[in-house]
Each structure stands twice: as structure tokens, then as C-alpha cells.
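*Asks:* Got a structure for you, questions after.
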Amino acid sequence: MKRKVIGIIIIIIGCYLLFINTIFMLFQPVYIGYVVPVDPITYWTEWLMIYGWYTIPLAVAGFFLILIGRRYLIKKQE
């Protein structure tokens, strides 16, 4: 029972980091000075420099937390 609760909590945290946090960060506006860039390549380059450097590692960490939580749920009690 205790392992299942820990596994579910880890999965919830992992889902937040992988899905919800990533979606919130994808829709953050990127400003260069006071102007939003119209060119898609410039926009994504600026997004990667401003938000991407910590959004991508958090999404990867969320994925691994989901895998770890899944192992807690599936692993047999001995």
C-alpha cells in the first residue's frame, strides 16, 4: 500500500513536469525589446534561449519520474 502511494505521487509530479509545465512554457510570449518577433525561426530561437534551457530538462525529468513511479506500482511486494 505504501509503495503504491509513493508511486502515484511520483507519477503525478512527473505528469505535471512533462505535460502541464511544458504546455505553460510553450505559450509564454517572447519579447525582443518591446516587440514580439514575427519570424518563426527568430521566435523559437529566442524561446529556446529564454525558456527552453530549463523547460526541456524538466520535461525529461518528468518522463523519468513517470517511469520510476510506474516501477513502484508494478513491482511485486516480497
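*Asks:* Tell me which of these Tyr31 doesn't satisfy, since it passes every other one: (1) farther than 25 Å from Gly7 by Cα; (2) surrounded by fewer than 13 Cβ atoms within 10 Å (Cβ to Cβ); (3) at pLDDT 85 or above.
*Replies:* Every condition holds for Tyr31 apart from (3).
*Asks:* Report, by residue number, each residue of segment 68-78 that is part of a helix (DSSP H, G or I) and either of a type in the set (Phe, Trp, Tyr) or in contact with a helix residue (DSSP H, G or I) (Cβ under 8 Å, 6 or more places away or on another chain) (or both).
*Replies:* Answer for segment 68-78, where residues must be part of a helix (DSSP H, G or I) and either of a type in the set (Phe, Trp, Tyr) or in contact with a helix residue (DSSP H, G or I) (Cβ under 8 Å, 6 or more places away or on another chain) (or both): Ile68, Gly69, Arg70, Arg71, Tyr72, Leu73.
*Asks:* Just checking, does segment 18-34 include any residue being of a type in the set (S, T, N, Q), in contact (Cβ under 8 Å) with a residue 12 or more places away in the chain and not in a helix (DSSP H, G or I)?
*Replies:* yes
*Asks:* Something else now. Surrounded by 12 or more Cβ atoms within 10 Å (Cβ to Cβ), hydrophobic (A, V, I, L, M, F, W, C) and out of contact with any strand residue (DSSP E or B) (no Cβ under 8 Å at 6 or more places or on another chain): is that true of Ile66 in this structure?
*Replies:* yes
*Asks:* Select, from Ile41, Ile56, the only residue that is free of Cβ contacts under 8 Å to residues at least 40 places away in the same chain, outside any loop (DSSP other than H, G, I, E, B) and surrounded by fewer than 11 Cβ atoms within 10 Å (Cβ to Cβ).
*Replies:* Answer to the selection: Ile41.
The values are calculated or read from the model by the stated rules, or taken from the named source; none is laboratory data. Just so it is clear, the model here is predicted, and its values are computed rather than measured. Because the Cβ atoms are built from the backbone with ideal geometry, glycine has one as well, and the counts that use them run over all protein chains shown.
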